[in-house]
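Here is the structure we will look at.
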Amino acid sequence: MLKIQEIREIIKLIDQSGIEEFKYKTEEGEIKLKKGGAFTMTSAEHTTPAVQVAPPAVQAPAAPVPPAAAAPAAPQEQQPKNEQPAEVSADEGLEEIKSPMVGTFYQSPSPDASAFVQPGDKVKQDSVVCIVEAMKLFNEIEAEMSGEIVKILVEDGQLVEYGQPLFLVKPE
């Protein structure tokens, strides 16, 4: 069967192309991918039925706050926003490790184990940096670059989207 890295590459290629449906068959099994979320995997021992992944739900905006109540909070909200651009400019030259799929981000292989990486840790291209659980499958995510982990951008147990940055890395 295909390795996770190979599946990730196929997903990226399909996402960037005009291909709507992809089917790959080997002696060990078959994988079908379809833009819009349908996924089927068949192996000699097991068949995963087609699953339609719904697009992310759009949340309704919060109820409007009367202007008089919003005025005192406005200066406090502006202060963190002013700090944001300084952080972005400090991150220049850093590379992102992005999520190759939608799923749940885990920093460690089990709840009682230590995290795969911490800020300051050195990683190589094949270093496992986290796990993304998708459809009850735990997918080890590799760094795909050599460098030093500068920042972890998501919380343990957080739902992540395809292409969402997970880590900032200072490349070697």
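The values are calculated or read from the model by the stated rules, or taken from the named source; none is laboratory data. Note that this is a predicted model, so its numbers are computed, not measured. When we count neighbours, we look across all protein chains shown, and the Cβ atoms used for this are built from the backbone with ideal geometry, even at glycine.
Would region 10-21 turn up any residue that is at pLDDT 75 or above, farther than 22 Å from residue 161 by Cα, exposed (fewer than 15 other Cβ atoms within 10 Å of the Cβ) and touching a strand residue (DSSP E or B) at 6+ places or on another chain (Cβ under 6 Å)? Checked region 10-21: no residue is at pLDDT 75 or above, farther than 22 Å from residue 161 by Cα, exposed (fewer than 15 other Cβ atoms within 10 Å of the Cβ) and touching a strand residue (DSSP E or B) at 6+ places or on another chain (Cβ under 6 Å). Being modelled with pLDDT under 95, under 23 Å from residue 11 (Cβ atoms) and in a loop (DSSP other than H, G, I, E, B) is not true of residue 133.
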